[in-house]
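Trainee: Pasting in a structure now, in C-alpha cells, and then I'll have a few things to ask.
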Amino acid sequence: MEGMGSYRDAYRTSITDPERFWADQAGLITWIKKPRQILDSSNAPFYRWFPDATLNTCYNALDRHVAAGNADRTALVYDSPVTDTKQRLSYAELLEKVAAFAGALKGFGVEKGDRVVIYMPMIPEAVVAMLACSRIGAVHSVVFGGFAPHELAVRIDDAQPKVIVSASCGIEPTRVVEYKPMLDKALELATHKPGACVVKQRPQAPAELDQLWDVDWDVAMKAGASDPAACVEVAATDPLYVLYTSGTTGKPKGIVRDNGGHAVALAWSLRNVFDVHEGQVWWTASDVGWVVGHSYIVYAPLITGATTVLYEGKPVGTPDAGAFWRVIDEHDVEALFTAPTAMRAVKKEDPDGELLKKYDVSSLRTLFLAGERLDPDTYQWAASTLGVPVVDNWWQTETGWPIAANLRGLEPMEIKPGSPTVPVPGYDVRVLGEKGEPVAPGEEGAICIKLPLPPGTLPTLWGDDDRFISSYLAAFDGYYLSGDGGYLDEDGYLFVMGRTDDVINVAGHRLSTGSMEAVIAQHPAVAECAVIGAADPMKGQLPRGFVVLKAGATENPDDIARELVRMVRDEIGAVAAFRDVTVVGGLPKTRSGKILRKTMREIADGKDAVIPSTIEDEAVLDRMRPALRPAP
Ligand code: COA
Ligand code: AMP
C-alpha cells in the first residue's frame, strides 16, 4: 500500500484504538450531552456507541445550520422531470416545514419511540416526513414505493406505526402509480391499524380520502404550522429509523439505525469517503426507500450542511439519456452517486455520449457508484465518457455507509477496476474460509467484519435480537457475516464477487428469491419451485423461476407461467422484474432435499458449475440444463 499515508494511519487507529478514533470524530456533530463513554462492550455482541450521550438528529441536519447563519443556503433542490417541477428549499424553509409536520405528528399522538411508516415517491414531503420524525424522536420506517400492498402490510405489522404518511401517486415514465389504493389494500391485509394516514394529494391522480383515518397532508401541515414542534432530546443509542431489507426468507429484516453513531458516521463518511463538504452540491440518484437514499439523499448531506438534490426521474426516458447531465449542469452538481445499472441504461441509449455534449458538466468532480457490482466495462465507459474518477464503494443496508471505498476525501488512491478499493476506517474486513480460518490474499471466501462494527451500523434487528445473532453473528464467532463473497488482493484491495446466499440484486434493488418462491408456492398447480438470480447485462441480475407442477395439474403451463408472473408483481411489486418462468420435470437437490440453487445459478450464468458430491440425482440436473442455459 505504497503512499497510503493518511489512509493507513487513520485505518490503523480505527482498528487498534476505535474509541480514540471515534471520540475524535464525535466533534463533527452537535450533542446535547457530549459522550464521555465512546463504546459500551459490556453486553457484547450488542455493542453500543456513545452510550451516555444525547442529541437530536434533525437539529444536526437543519437547526444548527440556520443557527450558524446559513438559513438562506439551499438545503434541497427538488428536480422532477416527470412533473416538470423544480424547487429549491433553503435550510430555513426546510426547517419550517419539518417543524410544522413534526407538530402535526404530535397532534396525532406520535411521541418519542413511536413508529411512523412512510410510503412515498421522491417528493420533498418524503424528506420532510423523515426529518419530522427524527425531530420528535419518532422512529420512521420508509417503504420503497415500488413494493406492492402485501410487502407494505408485512412491514406495517412488524413496525406497528401510529401514523402512516403517503401520497396519492408516484410517477413512473410510462404510467402514474396510484399509491392510495395500494395503501388501502395493505391496511386491509395488515392486522395492525394506524391512528392516521396522512396523504399528500398530487394533481396527477388525487386520491379519495375515504377511510376513517385519512388526513390530507396540507390540512395536517396547516394544523402543525400553528404549533410547530421543537427538537426532542434522544439518547445516541435510541433508534432513528427501521429500514426493512430482504433477507433469505420471505420475512424482511428490520435494520435498526441509532441516532448518535449514525450522525457521526455519516458526517465522517461524506467528508472522507465522498469528499463533499459544507455548501457543496451533492446528488444521490437513488430513492429514499433504500439505504442509499436514507444516508446520502437525506441525512449525510444535511448533517454536513451541503445542498442535496432530490431527483424524481430516471436515468433514461425522462425524457432521454441526457437527463443526468442536464441535472448536473443546471444545479452545478459536484459529485453524483448512483447505481451502475443507471450508467448501463445511459450507455445503452447513448453509447457515444452524444447527449453529454449538450450540457456543461464541468462542475462534476467525481462519480460514485454502488448498490451492485461495478463491472469493469461499465467502469471504463463511465470513466472515459465523463473524464472524472469513477469510484466504486461497497456496503449494505445493514452498515448504512461504505465498508470498502476509495477514500476521496482522506487520501485518493489508485483505482483498480472491479474493486471498490480498500476497507474504510472502522471496518476490520477479513476474508474467511469455510471453517472461519483466514484465507490467503487472492483466495476467495466469505467477507466478514471483525466485531465491533463501527458507529452507524446496525445494533440489532427490530424486535428480534435472536435473528440478528443467527443471521449475522452465528456463522463465525466474533465476526459479522456480510453475505457477500470475495477476496483481498496483495495490495489490500477488496474484490466483491457477489452474494453467497439467496439475496439478489436487480437494478440495484435488493430482493429475496425466498420471498418470490413463497408467492409462487401459493399457486394451486405448483408442487415446488426455485427462483434464482441470473446475470443480466442491463439490470445486473434478473430473477428466473423454475417450477414443478403437481401431478394431475391440467392447466396449460404457459397460462400458469403468466399467472405466476402476475402473482409476484401483485404481491411483491413491479420492482421485482419477475418475468421468466420455466416449467420443469424436477429440481436438482442434495440427498437431504436442499435445492441446488447455487449450481443452477452457475449453469444459468455460463460458469463452470461445481456439482456437489451430495447431489441426489444428477440426471435431474442434466435434464434441466437446456432450460437453465438456453442456446444463445
Ligand atoms: N414506484 C412504483 N413503481 C416503481 C417504482 C416506484 N418507486 N420504481 C420502479 N417501479 C416499477 C417500474 O415502473 C417498473 O415497472 P414496469 O415493470 O411496469 O416497467 C418496475 O418497477 C421495474 O423498475 P426499474 O427497476 O426502475 O426498471 P426500469 O426498467 O423501469 O428502469 C433503470 C431501469 C436502470 C433505468 C432503473 O432501474 C434505474 O434507474 N435504476 C437505478 C437504480 C437505483 O437507483 N437503485 C437504488 C440503489 S442505489
Ligand atoms: P443493499 O442492502 O440494498 O444496499 O444491498 C447490499 C448488497 O448489494 C451487498 O451485500 C452486495 O451484494 C451488493 N453491493 C452493494 N454495493 C456493491 C458494490 N460496490 N460491489 C458489489 N456488490 C455490491
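Trainee: Quick one: 3J(HN,Hα) in Hz for the range 449-458, Karplus 6.51/-1.76/1.60 with θ = phi - 60°, rounded, Gly and Pro as x.
Mentor: So the Karplus estimates, Gly and Pro as x, are 10, 5, 6, x, 6, x, x, x, 8, 5 Hz.
Trainee: Can you give the FRET efficiency for LYS598 and ASN556, using 1/(1 + (r/R0)^6), R0 = 41 Å, r = Cβ-Cβ distance, to the nearest 0.05?
Mentor: Step by step, r from the Cβ atoms, then E = 0.85.
Trainee: Placing +1 at every Lys and Arg Cβ and -1 at every Asp and Glu Cβ, with all other atoms neutral, what dipole size does the range 551-598 have around its Cα centre, in debye to the nearest 20?
Mentor: For this selection, approximately 500 debye.
Trainee: Here's another thing I want to ask about it. Could you give each residue of the range 64-74 its phi-based ³J(HN,Hα) in whole Hz, using Karplus coefficients 6.51, -1.76, 1.60 with θ = phi - 60°, and x for Gly or Pro?
Mentor: With coefficients 6.51, -1.76 and 1.60, one gets 5, 6, 5, 4, 7, x, 10, 4, 8, 5, 6 Hz.
Trainee: Round to the nearest 0.05 the FRET efficiency obtained for ASP24 and SER362 when R0 = 51 Å and r is the Cβ-Cβ distance.
Mentor: My answer for the efficiency is 0.90.
Trainee: Where the centre of each part is set by its Cα atoms, how far does the range 261-326 sit from the range 539-573, in angstrom?
Mentor: The two parts, judged by their Cα centres, are 37 Å apart.
Trainee: Separate question: Charges only on Cβ, +1 for Lys and Arg, -1 for Asp and Glu: so what's the dipole of the range 503-628 about the Cα centre, in debye to the nearest 20?
Mentor: Result for the range 503-628 is approximately 300 debye, rounded to the nearest 20.
Trainee: Follow-up question, since we're still on this one. Using 0.36 nm per residue of separation minus the Cα-Cα distance, give me the extension gain between GLN522 and THR16 in nm, one decimal.
Mentor: 177.0 nm
Trainee: Among ALA300, GLY442, ALA196, whose Cα lies farthest out toward the positive end of the dipole of the chain, if unit charges sit on the beta carbon of Lys, Arg (+1) and Asp, Glu (-1)?
Mentor: ALA196
Trainee: Given 25 °C and 0.890 mPa s, compute D for the range 408-483 with the Stokes-Einstein relation, Rh being the Kirkwood radius over Cα pairs; round to the nearest whole µm²/s.
Mentor: Diffusion coefficient, whole number: 174 µm²/s.
Trainee: What does the charge dipole of the chain about its Cα centre add up to, to the nearest 20 debye, if the Cβ of each Lys and Arg holds +1 and the Cβ of each Asp and Glu holds -1?
Mentor: It comes to approximately 480 debye.
Trainee: Separate question: Would you mind checking the pairs LYS86/LYS162; LYS180/LYS539; LYS539/LYS598 and listing those with alpha carbons more than 24 angstrom apart?
Mentor: LYS86/LYS162; LYS180/LYS539
Trainee: In the neighborhood of ASP184, defined by Cβ-to-Cβ distances under 11 Å, what is the net charge if each Lys or Arg adds +1 and each Asp or Glu adds -1?
Mentor: So the surrounding residues net to -3.
Trainee: Taking LYS594 as the anchor, which aspartates and glutamates have their alpha carbon closer than 15 Å to its alpha carbon, excluding any fewer than eight residues away along the same chain?
Mentor: Straight-distance partners of LYS594: ASP501, ASP502, GLU517, GLU528, GLU616, ASP617, GLU618.
Trainee: Let me ask something else. I'm checking a number: the convex hull volume of the Cα atoms of the chain, normalised per residue, in Å³. What is it?
Mentor: 155
Trainee: Determine, from the Cβ-Cβ distance of VAL610 and GLN380 and an R0 of 30 Å, the FRET efficiency 1/(1 + (r/R0)^6), rounded to the nearest 0.05.
Mentor: Efficiency at R0 = 30 Å is approximately 0.50.
Trainee: Sort out for me the Cα centre separation of the range 6-83 from the range 170-226, rounded to whole Å.
Mentor: Here the answer is 33 Å between Cα centres.
Trainee: Using +1 at the Cβ of each Lys and Arg and -1 at the Cβ of each Asp and Glu in the chain, identify which of ALA405, GLN37, GLY137 lies farthest towards the dipole's positive end.
Mentor: Value: GLY137.
Trainee: Using amide H atoms built 1.01 Å from N in the peptide plane, name the residues 5+ places from ASP536, or on other chains, whose amide H lies under 5 Å from its own.
Mentor: Those lying under 5 Å, H to H, from ASP536 are GLN541, LEU542.
Trainee: Could you check the spin-label model distance between ASP52 and ASP40? Points 7 Å from the Cα along Cα→Cβ, value in nm.
Mentor: Between ASP52 and ASP40, the label points sit 1.1 nm apart.
Trainee: When every alpha-carbon pair in the range 503-628 is counted, what percent end up more than 17 Å apart?
Mentor: 56
Trainee: Same structure, new question: Tell me, what ³J(HN,Hα) does each residue in the range 166-176 have, in order and in whole Hz, if you take phi through Karplus 6.51 cos²θ - 1.76 cosθ + 1.60 with θ = phi - 60° and put x for Gly and Pro?
Mentor: 8, 9, 5, 7, x, 10, 9, x, 10, 6, 8
Trainee: Let me have the 222 nm mean residue ellipticity of the chain computed from DSSP H runs of 4+ only, each contributing -39500 (n - 2.57), with the sum over all residues rounded to the nearest 500.
Mentor: Helix-only estimate at 222 nm: -8000 deg cm²/dmol.
Trainee: A further question follows. Taking just the alpha-carbon atoms of the range 372-420, what radius of gyration and Dmax come out, in angstrom?
Mentor: Cα only, the range 372-420: 11.3, 33 Å (Rg, Dmax).
Trainee: OK, next. Modelled label-to-label distance, ASP466 and ALA225, 7 Å Cα→beta-carbon offset: nm?
Mentor: Between ASP466 and ALA225, the label points sit 5.0 nm apart.
Trainee: Enumerate the amide H contacts of MET497 below 5 Å, restricted to partners 5 or more residues apart or on another chain; note that Pro and chain-start residues carry no placed amide H.
Mentor: Those lying under 5 Å, H to H, from MET497 are GLY485, GLY486, TYR487.
Trainee: Going by amide H atoms built from the backbone, whose H comes under 5 Å of the H on ALA167, apart from near neighbours?
Mentor: Sorted by chain and number, the residues that satisfy this are LYS200.
Trainee: From the residues CYS58, GLY69, LEU95, which one has its Cα farthest along the dipole of the range 33-190 in the positive direction, the dipole being from +1 and -1 charges on Cβ of Lys/Arg and Asp/Glu about the Cα centre?
Mentor: GLY69
We did not get these values from a lab; they are worked out from the coordinates using the rules stated. Quick caveat, the model's predicted, so the values are computed rather than measured. Cβ: placed from backbone, ideal geometry, glycine included. Neighbour counts: every protein chain shown.
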